[in-house]
1. Count the net charge of all other residues whose Cβ sits under 14 Å from the Cβ of residue 1135, scoring Lys and Arg as +1 and Asp and Glu as -1.
2. What nm distance separates the two modelled labels at residue 1147 and residue 454, each placed 7 Å from Cα along Cα→Cβ?
3. Rounded to the nearest 20 Debye, what is the dipole magnitude of the stretch 841-913 about its Cα centre when Lys and Arg each give +1 and Asp and Glu each give -1 at the C-beta?
4. Roughly speaking, what is the stretch gain from residue 975 to residue 878, that is 0.36 nm per residue apart minus the C-alpha to C-alpha distance, in nm to one decimal?
5. Could you pull out every residue, at least 5 positions away or on a different chain, whose amide H is within less than 5 Å of the one on residue 568? Hs are placed 1.01 Å off N in the peptide plane, and Pro or chain starts have none.
6. Sorted by average packing, counted as other Cβ atoms within 10 angstrom per residue and highest first, what order do 581-589, 398-406 take?
7. Treat each spin label as a single point 7 Å out from the Cα along the C-beta direction, and report the residue 800 to residue 914 distance in nm.
8. Any of 4/1161; 12/1161; 60/730; 37/1117; 180/1117 with alpha carbons more than 30 Å apart? Name them for me.
Amino acid sequence: MYLKSLTLRGFKSFASSTTLELEPGITCVVGPNGSGKSNVVDALAWVMGEQGAKSLRGGKMEDVIFAGTSGRPPLGRAEVVLTIDNTDGALPIEYSEVTISRTMFRNGGSEYAINGTSCRLLDVQELLSDSGIGREMHVIVGQGQLDSVLRATPEDRRGFVEEAAGVLKHRKRKEKALRKLDATQGNLTRLQDVLTELRRQLKPLGRQAEVARRAVTIQADVRDARARLLADDIVTARTTIAEEMADEAALKERRAAVEHAVAAARQQETELEDRLREDSPALSAAQETWYALSGLRERLRGTSGLATERVRLAAVESDDRPTGRDPEELEAEARRVEEQHRAMTTSVEEARAALEAVVAERTEAEATYGEEERRVAGLLRAAADRREGLARLRGQVNALKSRAEAADAEVERLGAARDEALRRADEAQKAFAAREGEIAGLSRGESGLDEELEAAEAVLADVEGRARELQVAEQDASRRQAALAARVEALETGLARKDGAGALLAASDEISGLLGSVAALLTVRPGFEAAIASALGSAADAVAVDHVDTAVTAMELLKSEDLGRAGLLLGGEADVDDRDWPGLPEGATYAVDVVEPPATLVAALRRLLFKVAVVDDLAAARALVAQASDVTAVTREGDVLGAHFASGGSTSQQSLLEVQAAIDQAREELEAAERALETLRFDGQRVAQERIAAQERVDAALERLHESDAEMSAVAESLGQLGSTARAAKGEAERLTAAIAAAQEAHERDLGGLADLEVRLAQAEEAPDEEPDTSALETLAERASTARRAETDARLALRTNEERARALEGQATALVASAAAEREARIQARLRREQQLREAETARAVLAVGDVALARLETTLAEAAALRSRIEQSRTGRESELRDVRARLRSLSEELQGLTTSVHRDEMARAEQRLRLEALEARALEELGIEVEALVAEYGPDQPVPPTSEEVQGESSDTDDTAETDEAPQGRPYDRTEQTKRLRAAERAMAMLGKVNPLALEEFSALEERHQFLSEQLDDLKRTRQDLLDIVADVDERVQQVFSEAWVDVSAAFEDVFSRLFPGGEGRLLLTDPDDMLTTGIDVEARPPGKKVKRLSLLSGGERSLVAVAFLVALFKARPSPFYILDEVEAALDDTNLGRLLEIYEELRANSQLIVITHQKRTMEVGDALYGVSMRGDGVTTVISQRLREEETA
């Protein structure tokens, strides 16, 4: 395999398309400096995937595009095409000729292609890596690269060997596997976290799912029982409505009769009211006549009095005479004021003329002053500029002096700071050595603290375990306490009375003497509740009172409030216990002996339980009654048997005594549960205190461990700080030394500038300083000020005269108006006196006529009063008759209202029943989603009740598992009490389940499925991770094998090449870590002949180049590459060493193609082909070629 051709288009200085036809052997590229020879090397590196712009001697990758010259415009892209002859199949591709191209666009885009097909950079690198050409490009030795090989780290030298050995593809495979391994580990960690969370959720969700399954079964029972009870309520409501519809007919007939009587009474009432209305006009007319005459009489009397007063007033002489000033005097005074106003107006005109003259004088004075002021200001600015320049020079001189003094002080300060830095560096170095011994002692103390922490954590774990157990027990006890409290509350609710007895107990505050419910007052021996309740009969449900009066009051209250009926047990004085009752057989006892009543009820209880004995069963009762006929026997189940009376059977309802006993028992259990809960809480608090103490011990141990860690960290940090301080102090001393030199140099510059400024300052101080004369300016300023004061006085005089003129004008106008007003007031007074006299004459005439009219009016008024009295007597009789009719009408109306109320109440009751029926029907739709008729048909009281799921499961468990039957479960008749108990039991069971998650079944199934799926994925990931680890191990083994083999070959080749390039010298390659062939680096030892040094940095430039060449040639010989590109690697060699290198070139030519950039003639002589590179004046590189071997042969 060899490079066949290289085509450049727009790459660096190759503006035009240029093709270099290459052949096996040595190809030399020659030309003057700067002509573009090295651009050929850059093009080869670039087309083979070089990504570093600096490696291509540029700042950015776009710099490889032809930038243009004065005669050629810049291009938009650069393209390099490399053709490789692959006849020997060295490249893993099925082509005998491989073309690799790379294109770079101005916008930064880049394209790769292999044989014209677009590809990735990775594809190009993988294609070339099998031939020993990797990312490091060791086959291309550019300018300055020899020195970089010498400066390379041992790890970088290992990279050259690995690249030559073809390890790159294995490294890439390992890196890819490690990346996948990292990703797999991340996915594995996340998947494990998810699975942990799912496992944590599965258990509680499983419990919720089980609760949900039970809830479905219980809800089915609740629904069935609720449907049957609802259907029973609907059927009962319909029957009740149908039965009570007939009761309304009688009430409606009676209401019709009363309505007829009411109508007749209202007709009579209407007739009487019509007669009264007919009498009303006459009575109203008589009353109005009397009122009118009475009013006329009063008006006549008032008129006479008014006339008398006016006559009297007219006889009195009026005092309405003028009191103001004489109008003639006022008008004369007004004329005098007008004369004064005209004189003042003349003064105002004179003052205005004087003001205008003063203003003109002031304007002229200010203008003259302004001109003089501007002239003086110009002179003053010139003088100020001279003084400012002089001050600036003085300031610069002083500043330079201060700077020079400051520089001296700074040099002194910097010197002291340098000494101080050196002192700190020495102290830090000593402290660093002292602190290094403290780390070992602290490390030994860590082990004891770790053991103490582990012991404390073990104690804490034990205490926390006990705390969790107590917490669970406390939760169970709390739930039991809550359940018992709910049971007590439910039993107390069942004990509440809703009949007349309940109403009396609710009204105990209104009735004194109520003792309470008999069931609550009696204490019955456990087990005898049913027997005592049957023996007492209705008295067991009665209310106890202390006296017969209290009983009467209670019954009256029940009747008046329509509260129903109630049994009352009367208390009283206890009788003497002189009972002479028959003896009882074994197992029997008198009822009074198992009951403890209060003292007030002892007598009543003895009467109720007179000769009543409690036995075990009916057989014992029968035997006892046969033995003593006057004794009544009661079994413990509540059956009563006497000589003439018996009652018994089964009952599903507990008596009040049994309920009260159940309440007392539940309360005792509740108190016991509360005590147990308190005990558990106390134990929990004690354990919590122990946990706090254990946690404190853990925290204390952890804190001591942290303190120890912090102390060790502090020591380590102190060591780091001391090391940093020492290094910083040394660096600061070096910087201060440089700063001292800079400060001294600046000080010398400042002294040179100071001498120049002092000369300029002396010249400026010798110039005269003239001040302008300002006496004329002051005179003009005084003149302008005097003019302004005169103008102010003139304006003040003008304003004063104007104000006086306006005041005189107003005074004259006011006097004229006053004179006119006074003359008008005197005329009005004379007219009022004349009017008063005329009114007095009229009043005398009215007074004479009024006395006659008043006498006649008195007679007419008496006649009108008599007529009104007669009409009122007639009306009073008719009103009495009307009152009687209205009384009868009210009685009938009250009866009608009562009947109407009864009918309305029945109708309301019927409406309520219908509403209740509608509500029941609505409940059927809302709660059960069933139509009413379907509900009654399927769940009505006439339908049999199927067995519950528990009963079915119980029956199935009793039968043989292998037995099969086709018989359906048999139903039983509907019993409302049984269904009520069934509903309550189901609701209690539902309540005991607590909060039910209805989606738990679906969520649990989905979560379980997801858990299974993720578990399988986790197994797959673990297998994948193990496969990747196996790949990494295989790659490491392969890399170690290939590198080991290459190392042996390269080391031997280096010693051979070194001995040829340095006859008599000694050179070898060493591994930095021979025990780790995967990561070990490679060091170079070189000792030229006649020298004892082995460090490369102590060699001369030519020797360093030869050592680098020896290393590279060792790589070339140990792992030959199809081609090598060498850019002026022999430039620093003398003729002797060049000859030795050319001998090696000859050896390499046998197996590899060499492209050599050179200026050496001897190198050109060994070449098979020669390419000349030149650059014309337009800055574009051109190439010419010459084949040498054929000419020599010819």
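1. Charge balance near residue 1135 sits at -1.
2. 6.3 nm
3. My answer is approximately 160 debye.
4. Working it through step by step, the gained length comes to 27.7 nm.
5. Sorted by chain and number, the residues that satisfy this are 543.
6. Descending packing order for the listed peptides: 398-406, 581-589.
7. 10.9 nm
8. Exceeds cut-off: 60/730; 180/1117.
Read the figures in this text as sums done on the coordinates, not as results from a lab. It should be emphasised that the depicted structure is a prediction, and the values quoted were computed from it without experimental measurement. All Cβ positions, even for glycine, are placed from backbone atoms using ideal geometry, and neighbour counts span all protein chains on display.
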